[in-house]
Amino acid sequence: MGRINELRLISRVAQMYHIEHRRQADIAKHLRLSQATVSRMLKRAEAEDIVRTTVIPPAGTYAEMEGALRERFNLPEAIVVECSEDRDGAIMARIGEAAAHLLEVTLAPGEIIGVSSWSQTIFKTVENIHPQKSAQAKYVVQTLGGMGDPSVQTHATQLTTRLARLTGAEPKLLPVQGVTSSREARLLMMADPFVRETVDLFGSISLAIVGIGAVEPSELLARSGNIFSSRELADLAEAGAVGDISLRFFDQKGKTVKTPLDERVIGISLDELARVDRVVALAGGEKKTAAIAGALRIGVIDTLVTDKFTAQRLIDLAAA
(Lines give C-alpha, C1' and ligand atoms only; values in the text may rest on other atoms or scores of the structure.)
Protein backbone atom coordinates (compact mmCIF):
# COMPACT_ATOMS: atom_id res chain seq x y z
CA MET A 1 0.00 0.00 0.00
CA GLY A 2 3.03 2.26 0.34
CA ARG A 3 3.25 2.98 -3.38
CA ILE A 4 -0.42 3.83 -3.79
CA ASN A 5 -0.20 6.28 -0.92
CA GLU A 6 2.86 7.87 -2.50
CA LEU A 7 1.11 8.14 -5.88
CA ARG A 8 -1.98 9.60 -4.22
CA LEU A 9 0.10 12.44 -2.75
CA ILE A 10 1.89 13.00 -6.06
CA SER A 11 -1.50 13.17 -7.78
CA ARG A 12 -2.75 15.75 -5.26
CA VAL A 13 0.36 17.90 -5.79
CA ALA A 14 -0.14 17.70 -9.57
CA GLN A 15 -3.81 18.63 -9.21
CA MET A 16 -3.03 21.69 -7.11
CA TYR A 17 -0.32 22.84 -9.53
CA HIS A 18 -1.87 22.12 -12.95
CA ILE A 19 -5.61 22.42 -12.29
CA GLU A 20 -5.86 24.80 -9.33
CA HIS A 21 -2.87 26.83 -10.69
CA ARG A 22 -1.26 27.23 -7.28
CA ARG A 23 2.41 28.11 -6.94
CA GLN A 24 4.86 25.48 -5.74
CA ALA A 25 5.59 27.51 -2.58
CA ASP A 26 1.85 27.61 -1.73
CA ILE A 27 1.50 23.87 -2.30
CA ALA A 28 4.48 23.16 -0.05
CA LYS A 29 3.03 25.33 2.72
CA HIS A 30 -0.45 23.82 2.43
CA LEU A 31 0.71 20.18 2.45
CA ARG A 32 3.58 20.76 4.90
CA LEU A 33 6.19 19.68 2.39
CA SER A 34 9.45 21.28 1.31
CA GLN A 35 9.41 23.13 -2.01
CA ALA A 36 12.12 20.79 -3.28
CA THR A 37 9.85 17.81 -2.54
CA VAL A 38 6.98 19.45 -4.42
CA SER A 39 9.25 20.01 -7.43
CA ARG A 40 10.38 16.37 -7.38
CA MET A 41 6.77 15.16 -7.13
CA LEU A 42 5.75 17.21 -10.16
CA LYS A 43 8.51 15.55 -12.18
CA ARG A 44 7.40 12.14 -10.85
CA ALA A 45 3.81 12.93 -11.91
CA GLU A 46 4.99 13.09 -15.52
CA ALA A 47 7.19 10.01 -15.19
CA GLU A 48 4.30 7.99 -13.68
CA ASP A 49 1.94 9.17 -16.45
CA ILE A 50 -0.28 10.94 -13.92
CA VAL A 51 0.20 14.16 -15.88
CA ARG A 52 0.05 13.97 -19.67
CA THR A 53 0.68 16.91 -21.99
CA THR A 54 -1.78 17.26 -24.86
CA VAL A 55 -1.52 19.95 -27.52
CA ILE A 56 -4.74 20.56 -29.44
CA PRO A 57 -4.01 22.62 -32.56
CA PRO A 58 -6.71 25.25 -33.19
CA ALA A 59 -8.91 25.11 -36.28
CA GLY A 60 -7.21 26.53 -39.35
CA THR A 61 -3.76 25.26 -38.36
CA TYR A 62 -2.03 22.17 -39.72
CA ALA A 63 0.37 20.76 -37.14
CA GLU A 64 0.40 17.26 -38.67
CA MET A 65 1.30 18.58 -42.12
CA GLU A 66 4.00 20.81 -40.62
CA GLY A 67 5.42 17.83 -38.76
CA ALA A 68 5.40 15.70 -41.91
CA LEU A 69 7.24 18.42 -43.86
CA ARG A 70 9.85 18.76 -41.10
CA GLU A 71 10.38 15.01 -40.99
CA ARG A 72 10.37 14.16 -44.68
CA PHE A 73 12.51 17.06 -45.84
CA ASN A 74 14.73 17.37 -42.76
CA LEU A 75 13.37 20.90 -42.42
CA PRO A 76 13.84 22.83 -39.14
CA GLU A 77 10.49 24.65 -39.30
CA ALA A 78 7.40 24.70 -41.52
CA ILE A 79 4.35 26.95 -41.46
CA VAL A 80 1.29 25.68 -43.33
CA VAL A 81 -1.46 28.24 -43.80
CA GLU A 82 -5.20 27.92 -44.34
CA CYS A 83 -6.34 28.78 -47.84
CA SER A 84 -9.82 28.49 -49.29
CA GLU A 85 -8.70 28.10 -52.90
CA ASP A 86 -5.84 26.29 -54.61
CA ARG A 87 -5.20 29.38 -56.72
CA ASP A 88 -2.01 31.46 -56.96
CA GLY A 89 -3.56 34.79 -55.96
CA ALA A 90 -5.26 33.42 -52.85
CA ILE A 91 -2.20 31.36 -51.89
CA MET A 92 0.18 34.32 -52.15
CA ALA A 93 -2.12 36.48 -50.01
CA ARG A 94 -2.38 33.92 -47.19
CA ILE A 95 1.36 33.12 -47.24
CA GLY A 96 2.11 36.85 -47.17
CA GLU A 97 -0.02 37.35 -44.06
CA ALA A 98 1.61 34.45 -42.19
CA ALA A 99 5.12 35.42 -43.23
CA ALA A 100 4.56 39.03 -42.12
CA HIS A 101 3.50 37.85 -38.65
CA LEU A 102 6.53 35.54 -38.46
CA LEU A 103 8.91 38.38 -39.29
CA GLU A 104 7.25 40.79 -36.88
CA VAL A 105 7.55 38.45 -33.88
CA THR A 106 11.03 37.08 -34.63
CA LEU A 107 12.90 40.15 -35.93
CA ALA A 108 15.97 40.79 -33.80
CA PRO A 109 17.47 44.26 -33.21
CA GLY A 110 20.30 45.01 -35.61
CA GLU A 111 19.22 42.30 -38.06
CA ILE A 112 20.62 42.48 -41.58
CA ILE A 113 17.83 41.32 -43.86
CA GLY A 114 18.46 40.03 -47.35
CA VAL A 115 15.45 40.11 -49.64
CA SER A 116 14.94 38.57 -53.05
CA SER A 117 12.99 41.47 -54.44
CA TRP A 118 11.42 39.81 -57.50
CA SER A 119 8.77 37.74 -55.76
CA GLN A 120 5.05 38.50 -55.69
CA THR A 121 4.69 36.51 -52.45
CA ILE A 122 7.40 38.58 -50.76
CA PHE A 123 5.67 41.71 -52.02
CA LYS A 124 2.45 40.49 -50.31
CA THR A 125 4.45 39.89 -47.14
CA VAL A 126 5.81 43.43 -47.09
CA GLU A 127 2.28 44.77 -47.64
CA ASN A 128 1.20 43.07 -44.39
CA ILE A 129 4.10 44.10 -42.13
CA HIS A 130 3.40 46.74 -39.49
CA PRO A 131 6.08 49.37 -38.70
CA GLN A 132 8.56 47.98 -36.17
CA LYS A 133 9.44 50.18 -33.22
CA SER A 134 11.29 47.97 -30.73
CA ALA A 135 13.24 45.44 -32.81
CA GLN A 136 14.66 47.46 -35.69
CA ALA A 137 16.89 46.06 -38.40
CA LYS A 138 20.20 47.59 -39.51
CA TYR A 139 20.07 47.03 -43.28
CA VAL A 140 17.70 45.59 -45.84
CA VAL A 141 19.88 44.23 -48.63
CA GLN A 142 18.58 43.59 -52.15
CA THR A 143 20.01 40.16 -53.02
CA LEU A 144 19.16 40.08 -56.73
CA GLY A 145 19.55 42.82 -59.29
CA GLY A 146 16.75 44.26 -61.40
CA MET A 147 15.61 42.32 -64.45
CA GLY A 148 14.05 42.85 -67.86
CA ASP A 149 12.61 46.19 -68.91
CA PRO A 150 14.29 48.98 -66.91
CA SER A 151 10.96 50.85 -66.70
CA VAL A 152 9.52 48.17 -64.37
CA GLN A 153 12.59 47.73 -62.20
CA THR A 154 11.06 50.18 -59.74
CA HIS A 155 9.23 47.14 -58.30
CA ALA A 156 12.47 45.78 -56.83
CA THR A 157 13.50 49.18 -55.51
CA GLN A 158 10.10 49.87 -53.96
CA LEU A 159 9.95 46.48 -52.23
CA THR A 160 13.42 46.86 -50.72
CA THR A 161 12.98 50.46 -49.60
CA ARG A 162 9.49 49.82 -48.18
CA LEU A 163 10.70 46.86 -46.12
CA ALA A 164 13.60 48.98 -44.89
CA ARG A 165 11.25 51.77 -43.83
CA LEU A 166 8.93 49.35 -41.99
CA THR A 167 11.81 47.73 -40.11
CA GLY A 168 13.69 50.96 -39.36
CA ALA A 169 16.62 49.89 -41.53
CA GLU A 170 18.77 51.46 -44.21
CA PRO A 171 18.10 50.05 -47.72
CA LYS A 172 21.03 48.69 -49.72
CA LEU A 173 20.05 48.43 -53.38
CA LEU A 174 21.52 46.57 -56.35
CA PRO A 175 21.12 49.18 -59.13
CA VAL A 176 22.01 46.78 -61.96
CA GLN A 177 20.46 44.05 -64.10
CA GLY A 178 19.86 40.74 -62.37
CA VAL A 179 20.99 38.98 -65.52
CA THR A 180 23.61 40.63 -67.69
CA SER A 181 24.13 40.13 -71.40
CA SER A 182 27.45 38.33 -70.88
CA ARG A 183 29.96 37.19 -68.29
CA GLU A 184 32.16 40.15 -69.19
CA ALA A 185 29.28 42.60 -68.71
CA ARG A 186 28.66 41.10 -65.25
CA LEU A 187 32.30 41.62 -64.25
CA LEU A 188 32.13 45.22 -65.44
CA MET A 189 28.95 45.93 -63.45
CA MET A 190 30.35 44.23 -60.36
CA ALA A 191 33.23 46.71 -60.40
CA ASP A 192 30.83 49.58 -59.70
CA PRO A 193 31.43 50.77 -56.09
CA PHE A 194 27.70 51.01 -55.27
CA VAL A 195 27.12 47.47 -56.51
CA ARG A 196 30.19 46.22 -54.67
CA GLU A 197 29.05 47.82 -51.42
CA THR A 198 25.74 45.91 -51.52
CA VAL A 199 27.25 42.61 -52.68
CA ASP A 200 29.86 42.78 -49.90
CA LEU A 201 26.99 42.74 -47.37
CA PHE A 202 25.80 39.31 -48.55
CA GLY A 203 28.22 37.69 -46.10
CA SER A 204 26.71 39.64 -43.18
CA ILE A 205 23.03 38.82 -43.82
CA SER A 206 21.43 37.26 -40.73
CA LEU A 207 17.93 36.77 -42.18
CA ALA A 208 17.24 36.01 -45.84
CA ILE A 209 13.71 36.13 -47.26
CA VAL A 210 13.52 34.23 -50.53
CA GLY A 211 10.97 33.07 -53.05
CA ILE A 212 11.15 29.79 -54.95
CA GLY A 213 10.54 29.85 -58.68
CA ALA A 214 9.78 27.22 -61.28
CA VAL A 215 11.94 27.14 -64.40
CA GLU A 216 9.16 28.77 -66.39
CA PRO A 217 9.20 32.50 -65.53
CA SER A 218 6.51 33.83 -63.21
CA GLU A 219 3.92 36.37 -64.30
CA LEU A 220 5.97 39.10 -62.64
CA LEU A 221 9.13 38.19 -64.57
CA ALA A 222 7.18 37.88 -67.77
CA ARG A 223 5.82 41.40 -67.29
CA SER A 224 9.33 42.67 -66.69
CA GLY A 225 10.33 41.70 -70.22
CA ASN A 226 11.02 37.98 -69.67
CA ILE A 227 14.75 37.74 -69.09
CA PHE A 228 15.02 34.19 -70.42
CA SER A 229 15.12 33.19 -74.06
CA SER A 230 13.41 29.98 -75.15
CA ARG A 231 16.86 28.50 -75.77
CA GLU A 232 18.00 29.28 -72.24
CA LEU A 233 14.83 27.75 -70.79
CA ALA A 234 15.40 24.63 -72.89
CA ASP A 235 19.02 24.40 -71.71
CA LEU A 236 17.91 24.61 -68.08
CA ALA A 237 15.26 21.92 -68.54
CA GLU A 238 17.73 19.71 -70.40
CA ALA A 239 20.19 20.09 -67.52
CA GLY A 240 17.54 18.82 -65.10
CA ALA A 241 16.57 22.12 -63.45
CA VAL A 242 13.20 22.17 -61.66
CA GLY A 243 13.41 25.58 -60.01
CA ASP A 244 15.46 28.46 -58.71
CA ILE A 245 16.15 30.64 -55.69
CA SER A 246 17.29 34.09 -56.82
CA LEU A 247 18.00 32.69 -60.32
CA ARG A 248 20.32 29.99 -58.93
CA PHE A 249 18.91 26.79 -60.39
CA PHE A 250 18.73 23.29 -58.92
CA ASP A 251 17.36 19.86 -59.81
CA GLN A 252 14.79 17.67 -58.06
CA LYS A 253 17.43 16.28 -55.71
CA GLY A 254 18.52 19.75 -54.62
CA LYS A 255 21.78 19.75 -56.55
CA THR A 256 22.96 22.95 -58.23
CA VAL A 257 22.42 23.12 -61.99
CA LYS A 258 25.18 25.09 -63.67
CA THR A 259 24.61 26.62 -67.09
CA PRO A 260 26.23 29.64 -68.80
CA LEU A 261 23.31 31.65 -67.40
CA ASP A 262 24.74 31.28 -63.90
CA GLU A 263 27.82 33.32 -64.85
CA ARG A 264 25.60 36.23 -65.88
CA VAL A 265 23.59 36.56 -62.67
CA ILE A 266 24.22 39.40 -60.22
CA GLY A 267 22.81 38.16 -56.97
CA ILE A 268 23.38 35.97 -53.95
CA SER A 269 24.58 32.42 -54.63
CA LEU A 270 23.31 29.22 -53.00
CA ASP A 271 26.68 28.84 -51.25
CA GLU A 272 26.32 32.33 -49.77
CA LEU A 273 22.73 31.56 -48.80
CA ALA A 274 23.90 28.44 -46.97
CA ARG A 275 25.99 30.63 -44.66
CA VAL A 276 23.03 32.82 -43.65
CA ASP A 277 21.86 32.13 -40.10
CA ARG A 278 18.14 32.02 -41.00
CA VAL A 279 16.62 31.53 -44.46
CA VAL A 280 12.84 31.89 -44.75
CA ALA A 281 11.32 30.65 -48.03
CA LEU A 282 7.85 31.72 -49.13
CA ALA A 283 6.23 29.65 -51.88
CA GLY A 284 3.10 27.79 -52.90
CA GLY A 285 1.03 26.69 -55.86
CA GLU A 286 0.76 23.55 -57.98
CA LYS A 287 3.20 24.76 -60.65
CA LYS A 288 5.89 25.25 -58.00
CA THR A 289 5.53 21.93 -56.15
CA ALA A 290 8.52 20.22 -57.78
CA ALA A 291 10.60 23.40 -57.42
CA ILE A 292 9.78 23.69 -53.70
CA ALA A 293 10.63 20.02 -53.10
CA GLY A 294 13.98 20.47 -54.84
CA ALA A 295 14.69 23.68 -52.91
CA LEU A 296 14.01 21.95 -49.58
CA ARG A 297 16.49 19.21 -50.49
CA ILE A 298 19.30 21.74 -50.98
CA GLY A 299 19.44 22.10 -47.20
CA VAL A 300 19.69 25.88 -46.99
CA ILE A 301 16.08 26.66 -45.98
CA ASP A 302 15.33 26.99 -42.27
CA THR A 303 11.62 27.84 -42.48
CA LEU A 304 9.15 27.20 -45.29
CA VAL A 305 5.87 29.13 -45.36
CA THR A 306 3.39 27.48 -47.71
CA ASP A 307 -0.31 26.68 -48.09
CA LYS A 308 -2.21 23.50 -47.16
CA PHE A 309 -2.70 22.37 -50.78
CA THR A 310 0.98 22.66 -51.64
CA ALA A 311 1.98 21.08 -48.32
CA GLN A 312 -0.10 17.98 -49.07
CA ARG A 313 1.38 17.73 -52.56
CA LEU A 314 4.90 17.98 -51.11
CA ILE A 315 4.14 15.26 -48.54
CA ASP A 316 2.70 12.98 -51.24
CA LEU A 317 5.71 13.66 -53.48
CA ALA A 318 8.13 12.79 -50.69
CA ALA A 319 6.23 9.60 -49.93
CA ALA A 320 6.29 8.56 -53.60
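Structural remarks
- In the set K287, K253, only one residue is touching a residue at least 24 places away in the same chain (Cβ under 8 Å) and in a helix (DSSP H, G or I); that residue is K287.
- Filter result for S134 (of a type in the set (S, T, Y), outside any helix (DSSP H, G or I), buried (at least 22 other Cβ atoms within 10 Å of the Cβ) and modelled with pLDDT under 95): no
- Answer residue from region 83-103, given it is at pLDDT 95 or above and of a type in the set (D, E, K, R) and is nearest to R165 (Cα to Cα) among those: E97
- Hits in region 267-295 (condition: open to solvent by less than 10 Å² (accessible area, probe 1.4 Å) and either among the basic types (K, R) or in contact with a helix residue (DSSP H, G or I) (Cβ under 8 Å, 6 or more places away or on another chain) (or both)): I268, V279, V280, A281, L282, A283, G285, I292, A293
- Pick from region 296-320, criterion of a type in the set (G, A, S) and at pLDDT 95 or above, ranking: most open to solvent (accessible area, probe 1.4 Å): G299
Residue by residue, here is whether (1) at positive phi; (2) open to solvent by less than 80 Å² (accessible area, probe 1.4 Å); (3) of a type in the set (A, V, I, L, M) holds:
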| residue | (1), (2), (3) |
| --- | --- |
| A99 | no, yes, yes |
| A156 | no, yes, yes |
| Q177 | no, yes, no |
| L188 | no, no, yes |
| A191 | no, yes, yes |
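- Residue match in region 79-89 (condition: open to solvent by 80 Å² or more (accessible area, probe 1.4 Å), without any contact (Cβ under 8 Å) to a residue 60 or more places away in the chain and not charged (D, E, K, R)): yes
- Looking across G114, G146, G60, one residue alone is over 21 Å from K287 (Cα atoms), open to solvent by less than 40 Å² (accessible area, probe 1.4 Å) and free of Cβ contacts under 8 Å to residues at least 24 places away in the same chain. It is G60.
- Criterion: among the aliphatic types (A, V, I, L, M) and more than 17 Å from the chain's Cα centre (by Cα) - qualifying residue of I56, I79: I56
- Unmet criterion (only one of (1) within 13 Å of I209 (Cβ to Cβ); (2) open to solvent by less than 40 Å² (accessible area, probe 1.4 Å)) for V51: (1)
- Test for E104: is it charged (D, E, K, R), more than 24 Å from G213 (Cβ to Cβ), open to solvent by 30 Å² or more (accessible area, probe 1.4 Å) and touching a helix residue (DSSP H, G or I) at 6+ places or on another chain (Cβ under 8 Å): no
- All positions within region 298-320 that are under 17 Å from the mean Cα position of the chain (by Cα), within 18 Å of G285 (Cβ to Cβ) and of a type outside the set (S, T, N, Q): I301, L304, V305, D307, K308, A311, L314
The values are calculated or read from the model by the stated rules, or taken from the named source; none is laboratory data. Just so it is clear, the model here is predicted, and its values are computed rather than measured. Don't worry about glycine lacking a Cβ; one is built from the backbone with ideal geometry, like all the others, and counts go over all protein chains shown. Remember, those area values only see protein heavy atoms, side chains included, never the ligands or the DNA or RNA. Shrake-Rupley method; radii C 1.70, N 1.55, O 1.52, S 1.80 Å.
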